[in-house]
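The structure under discussion is supplied below as structure tokens; questions concerning it will follow.
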Amino acid sequence: MSQDAQGLGRRGVLAGAGALLSATAARAQAPAPQPRRGGTLRVCTYAAPSTLDPITGRNGTDHVFLYPAVETLIDFEPTSMLARPGLAKAWSFPDPKTFVLDLREGVLFHDSTPFDAAAVKINLERAAGDARSNVRTDFDSVRSVEVTGPSQVTLRLSRPDSALPLSLSDRAGMIISPKAIKELGVQTDRQPVGTGAMRVVTYTDNDRVVYVRNDKYWQPDQSYLDGMEIRTIADTATSLRSVMAGENDFAFELSPEQKPLLDRARNLTTVVTPSFRLHTVYLNYSRKPLNDQRVRQALNYAIDRNALNKAVGLGLNQATTTELPKEHWACDPTTVSGYTYDPAKAKALLAEAGYADGCDINFIGWTEQRWQKVQEILMEQMKPAGFRLHLSLGSPGDTATRFFGPGKEGDGRVAVWSGRPDPSQIYRQLFGKGSYYNAGSGETPGVEALLTASVGTTDVEARKAELSKLQHLVLEQGLMLPMMFEAEIVAFHKNVHGYQPNLLGKPKLHTMWMDA
Amino acid sequence: MHAGRLLAMRLLQVVPIIVVATFVVFGLLHLTPGDPAMMLAGDNPTPQHVAEIRHLYGLDRPFLDQYGLWLWHAAHGDLSQSLLTRAPVSSLILQRLPNTLLIVALALVLGLGFGIPLGIAAAVRNGSAVDQALTSAASLGVALPSFWLAMILVTVFALDLNWFPASGAASLLGAPLDALRHAALPAIALAGSTVAEVARQLRSALIEVLGTQYIRTLRAKGLSPTRILWKHGLKNVAVTLLTVTGLMVNRLLGATVVIEAVFAIPGTGSLISYSAINKDFPVVQGVVFVLVIGVILTNLLVDLVAAALDPRVSRA
């Protein structure tokens with residue numbers, strides 16, 4: 001029988017607010033299976049890792065492959081995304097421009113070399129400065145990294161940056177063995193020698209990554225599996241079939257269209273939870289017609305997000321008008337429904353902006369069938385408001401190059417934003433002046449000041465207040481066309497336990513266990 | 001023309017064919033939208049970082065320089081490294097080619113094993129109900145999309161009956177039986193249209209041969225129909241059958257792109273589609289290079305066998 005969130009019953013689909021908490025509660029009520037050591041978990045996912053070196057990787061889908069082998073300096077609470085200790089047992093900002101990390105002792109890399117302050121310094125400097133590093137912008141505020149004790153590292157900053165702890169819970173904070181970096185060179189792309197519960201033994205391109213248990217793991221009571229195997233199966237239908245046939249144990253990032261099939265699969269458990277993956281339209285507001293706030297607001301009023309969710313997400317996704325899911329610690333709930341579907345209001349705003357006869361607008365979208373459906377619905381929904389939407393299609397990589405690259409093609413790009421651990425990172429990357437994802441690269445009055453304020457304090461409540469102002473500013477300006485947060489749909493066999501969903505939508509699978 | 005001379009001429013044609021094929025593919029990859037440097041630069045890249053990546057991977061060099069360099073290395077046995085994963089292209093191909101060749105070979109065996117008897121049955125009963133039924137079934141078989149057939153096969157034989165695996169592949173050397181079990185459904189899905197094509201071609205060729213004057217003379221002389229068919233009929237359509245087989249091998253190699261996706265088989269078909277989407281030029285070039293050589297060798301083998309079967313071919 002299919003279950004939602006492990007035991008809530010097949011009809012109670014958990015999607016949207018409270019899903020993660022409900023999942024945890026449901027587990028508490030059910031007789032909890034006791035963790036046991038042993039077994040090899042076979043997982044399948046649609047994307048191959050771009051690389052297995054944390055700093056040269058390119059895709060948000062890499063994390064699932066990295067987490068078992070490579071740990072981060074700082075971790076995050078799966079349900080709220082608040083920072084918690086990782087390889088660093090504590091951290092502090094003795095002054096706004098100094099960030100101190102106190103590291104765990106007695107931790108070893110897979111090659112038996114010690115994890116210490118010197119290793120962290122080498123990793124952070126590599127991430128901040130290596131020509132092949134794709135996380136250099138995460139270190140914009142870091143002036144230097146100093147070893148201030150055998151297990152202490154101090155980062156000197158050029159400006160206050162309280163986004164750093166959560167930045168270090170992502171690729172930027174993933175630590176691999178300096179010995180391996182030196183010996184392997186560019187081949188670190190294929191052999192991540194971290195401190196994680198699993199070590200990589202085989203990486204076959206576009207096929208699978210095979211892991212075995214790391215017997216020297218510093219948290220032996222948190223690691224149960226003897227091994228893991230993550231297979232790449234590009235087609236999610238094939239992926240699900242392989243789980244149903246018993247060839248794999250766990251599949252994730254399944255599509256809502258597969259939910260009815262999952263409901264009929266008696267041998268599988270299905271969990272549906274919210275995720276950070278935002279279906280959105282990036283806008284280029286540096287030129288006509290979207291340089292007019294009223295046109296951007298009209299766009300936001302012109303789409304019916306709930307209808308879209310029902311049509312393409314079977315109601316499992318979370319309709320939204322903001323960039324943070326409701327469950328996120330920094331989300332201001334008043335921004336979640338900032339625009340309701342109102343074509344008359346949209347039409348009036350367009351007329352006010354000088355487009356009484358309607359407005360031609362060009363979006364770039366994806367060729368995949370599911371996305372074509374989204375784009376066709378958008379086209380129809382926007383007609384009554386007076387928008388004449390013209391679409392040009394391509395692959396995700398191609399449309400990114402066309403829209404964000406030097407050509408700056410189109411007024412909008414229909415795509416997914418995969419989120420970042422720290423909310424200030426999200427807003428800086430999406431709307432900061434000169435940022436890649438700000439297609440027009442221009443500055444929106446007030447955004448830079450609020451971005452600076454949001455990282456100028458380490459107090460969570462004070463940060464929330466600044467981030468709330470930022471969310472409202474972005475909402476009122478209509479700088480983006482958020483549509484819905486994608487539901488994370490996973491399916492696994494009944495003998496698999498311990499799945500902990502996280503809001504980032506990138507599960508840490510090595511903490512699971514299996515029945516005999 | 002002697003077989004040796006035929007072989008020499010065909011080998012001489014290999015070089016320009018490889019150059020043209022790889023040049024066209026290289027050109028098409030450059031013409032398609034998307035910038036590999038942007039893809040390699042990851043999230044939130046700055047223009048400087050993209051420029052650095054472009055320089056680091058030699059993507060800022062002129063098109064002809066890039067192609068020339070690749071060809072030079074390829075001629076020396078070095079197919080370069082994947083832009084995306086840094087894996088040597090030759091090892092990527094070697095890892096995957098056996099999986100592809102196994103399903104192609106199995107599909108060909110099935111295609112010929114069923115297609116030849118069906119083609120003969122239809123030809124010797126030309127115009128009968130059996131012929132009409134087989135001809136209609138063959139037309140349907142040709143039109144049947146292999147991916148659709150594949151999904152039906154998976155649903156019935158993998159998920160419902162659990163007779164065969166639904167996905168993946170196994171090593172033919174390490175676990176031969178398991179490898180054959182994994183290859184069975186993909187091969188059957190691929191073989192559907194091969195059976196139909198072989199049956200159709202063989203039927204029409206055989207009808208033509210069986211209608212010739214010398215066959216009529218043989219009948220008039222009292223030779224049994226079985227002897228006429230096996231000794232004279234099939235011998236005369238052998239070259240046609242051989243040509244069709246050669247074409248089928250090439251078609252099956254192409255069809256693996258879709259079938260490997262449906263069955264999640266790590267083969268060259270899935271490798272080339274993934275690499276083309278992600279603009280991994282060296283991998284696409286490497287696979288095309290190997291496949292072009294494979295197709296040329298297949299055609300060469302067909303020509304040589306045809307020359308052995310029919311002396312007129314080598315005299316032409």
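Would you pick out the residues in region A:388-434 that are within 30 Å of residue A:459 (Cα to Cα) and of a type in the set (Phe, Trp, Tyr)?
Residues satisfying the conditions are A:417, A:427, A:431.
In this structure, is residue B:91 without any contact (Cβ under 8 Å) to a residue 60 or more places away in the chain and either touching a strand residue (DSSP E or B) at 6+ places or on another chain (Cβ under 6 Å) or within 14 Å of another protein chain (Cβ to nearest Cβ) (or both)?
Answer is yes for this residue.
What's the number of the condition residue B:266 fails, among (1) part of a helix (DSSP H, G or I); (2) within 14 Å of another protein chain (Cβ to nearest Cβ); (3) under 19 Å from residue B:105 (Cα atoms)?
Every condition holds for residue B:266 apart from (1).
Limited to region A:246-292, what total is found for residues that are within 14 Å of chain B (Cβ to nearest Cβ), at pLDDT 90 or above, in a loop (DSSP other than H, G, I, E, B) and at negative phi?
Of the residues in that region, 3 qualify.
Right, next: Report, by residue number, each residue of region A:84-104 that is crowded, with 20+ Cβ neighbours inside 10 Å and either in a strand (DSSP E or B) or among the polar types (S, T, N, Q) (or both).
Of everything in region A:84-104, those that are crowded, with 20+ Cβ neighbours inside 10 Å and either in a strand (DSSP E or B) or among the polar types (S, T, N, Q) (or both) turn out to be A:88, A:91, A:99, A:101, A:103.
Which of the residues that make up region B:31-50 are surrounded by fewer than 19 Cβ atoms within 10 Å (Cβ to Cβ), within 11 Å of chain A (Cβ to nearest Cβ) and not in a loop (DSSP other than H, G, I, E, B)?
Within region B:31-50, B:47, B:48 qualify.
Would you confirm whether or not region A:107-122 contains a residue that is within 14 Å of chain B (Cβ to nearest Cβ) and either under 26 Å from residue B:40 (Cβ atoms) or in contact with a His (Cβ under 7 Å, 6 or more places away or on another chain) (or both)?
No, region A:107-122 contains no residue that is within 14 Å of chain B (Cβ to nearest Cβ) and either under 26 Å from residue B:40 (Cβ atoms) or in contact with a His (Cβ under 7 Å, 6 or more places away or on another chain) (or both).
Among B:143, B:121, B:150, which is the only one that is surrounded by fewer than 15 Cβ atoms within 10 Å (Cβ to Cβ) and under 16 Å from residue B:195 (Cβ atoms)?
Sole residue among the options that is surrounded by fewer than 15 Cβ atoms within 10 Å (Cβ to Cβ) and under 16 Å from residue B:195 (Cβ atoms): B:143.
Determine whether region A:389-399 contains at least one residue that is closer than 18 Å to residue A:478 by Cα and either among the charged types (D, E, K, R) or not assigned by TED's automatic domain parsing to the domain that holds residue A:165 (or both).
yes
Hey, another quick one. Given B:243, B:226, B:212, B:217, which one is among the hydroxyl-bearing types (Ser, Thr, Tyr), away from chain A (no Cβ under 14 Å) and touching a residue at least 40 places away in the same chain (Cβ under 8 Å)?
B:243
State all residues of region B:160-199 that are in contact (Cβ under 8 Å) with a residue 60 or more places away in the chain, within 11 Å of chain A (Cβ to nearest Cβ) and not in a helix (DSSP H, G or I); if no residue qualifies, say none.
Listed by number, the residues that qualify are B:166, B:167, B:168, B:169.
Moving to a separate point now. What tally of residues in region B:188-198 results from selecting those that are more than 13 Å from residue B:251 (Cα to Cα), out of contact with any Ser or Thr (no Cβ under 6 Å at 6 or more places or on another chain) and either among the small types (Gly, Ala, Ser) or not assigned by TED's automatic domain parsing to the domain that holds residue B:166 (or both)?
Final tally of qualifying residues: 1.
Hey, among the residues in region A:434-463 that are modelled with pLDDT of 90 or more and of a type in the set (Gly, Ala, Ser), which one's surrounded by the most Cβ atoms within 10 Å (Cβ to Cβ)?
Taking the candidates together, the pick is A:454.
Is it fair to say residue B:281 is more than 30 Å from residue B:78 (Cα to Cα), within 14 Å of chain A (Cβ to nearest Cβ) and not small (Gly, Ala, Ser)?
no
Here's another thing I want to ask about it. Taking the condition in the same structural domain as residue A:303 (by TED's automatic domain parsing) and under 20 Å from the mean Cα position of the chain (by Cα), does residue A:481 pass?
yes
Is it the case that some residue within region B:117-126 is away from chain A (no Cβ under 14 Å) and not in a helix (DSSP H, G or I)?
Among the residues of region B:117-126, at least one is away from chain A (no Cβ under 14 Å) and not in a helix (DSSP H, G or I), which makes the answer yes.
Identify, by number, the condition in (1) within 27 Å of residue A:498 (Cβ to Cβ); (2) assigned to a helix (DSSP H, G or I); (3) touching an Asp or Glu at 6+ places or on another chain (Cβ under 6 Å) that residue A:301 doesn't meet.
Condition not satisfied by residue A:301: (1).
Can you find even one residue in region A:21-40 that is over 18 Å from the mean Cα position of the chain (by Cα), modelled with pLDDT of 95 or more and buried (at least 22 other Cβ atoms within 10 Å of the Cβ)?
No, region A:21-40 contains no residue that is over 18 Å from the mean Cα position of the chain (by Cα), modelled with pLDDT of 95 or more and buried (at least 22 other Cβ atoms within 10 Å of the Cβ).
Follow-up question, since we're still on this one. Look through A:148, A:79 and report the one residue that is in contact (Cβ under 8 Å) with a residue 24 or more places away in the chain, among the β-branched types (Val, Ile, Thr), in a strand (DSSP E or B) and surrounded by fewer than 22 Cβ atoms within 10 Å (Cβ to Cβ).
Matching residue, one of A:148, A:79: A:148.
For region A:230-245, how many residues are within 11 Å of chain B (Cβ to nearest Cβ) and outside any helix (DSSP H, G or I)?
Summing the residues that are within 11 Å of chain B (Cβ to nearest Cβ) and outside any helix (DSSP H, G or I) in region A:230-245 gives 6.
Only one residue in A:94, A:114, A:165, A:85 is touching a strand residue (DSSP E or B) at 6+ places or on another chain (Cβ under 8 Å) and in contact (Cβ under 8 Å) with a residue 60 or more places away in the chain, so which one is that?
Among A:94, A:114, A:165, A:85, only A:165 is touching a strand residue (DSSP E or B) at 6+ places or on another chain (Cβ under 8 Å) and in contact (Cβ under 8 Å) with a residue 60 or more places away in the chain.
Ok, one more. Select from region A:201-235 the residues that are within 23 Å of the chain's Cα centre (by Cα), of a type in the set (A, V, I, L, M) and surrounded by 20 or more Cβ atoms within 10 Å (Cβ to Cβ) and list them in ascending order.
A:209, A:228, A:230, A:233
Please verify whether region B:73-88 includes one or more residues that are touching a residue at least 12 places away in the same chain (Cβ under 8 Å), among the aliphatic types (A, V, I, L, M), buried (at least 17 other Cβ atoms within 10 Å of the Cβ) and within 19 Å of residue B:249 (Cβ to Cβ).
No, every residue in region B:73-88 fails to be touching a residue at least 12 places away in the same chain (Cβ under 8 Å), among the aliphatic types (A, V, I, L, M), buried (at least 17 other Cβ atoms within 10 Å of the Cβ) and within 19 Å of residue B:249 (Cβ to Cβ).
Which residues, taken from region A:423-462, are within 13 Å of chain B (Cβ to nearest Cβ), assigned to a loop (DSSP other than H, G, I, E, B) and in contact (Cβ under 8 Å) with a residue 40 or more places away in the chain?
A:437, A:439, A:441
Kindly provide the set of residues from region A:385-413 that are within 13 Å of chain B (Cβ to nearest Cβ), surrounded by fewer than 19 Cβ atoms within 10 Å (Cβ to Cβ) and among the hydrophobic types (A, V, I, L, M, F, W, C), ordered by number.
Across region A:385-413, the qualifying residue is only A:393.
The values are calculated or read from the model by the stated rules, or taken from the named source; none is laboratory data. What you are looking at is a predicted structure, and each value in this text was computed from that prediction instead of being measured. Using ideal geometry, Cβ is built from the backbone for each residue, glycine included, and neighbour counts are taken over all protein chains shown.
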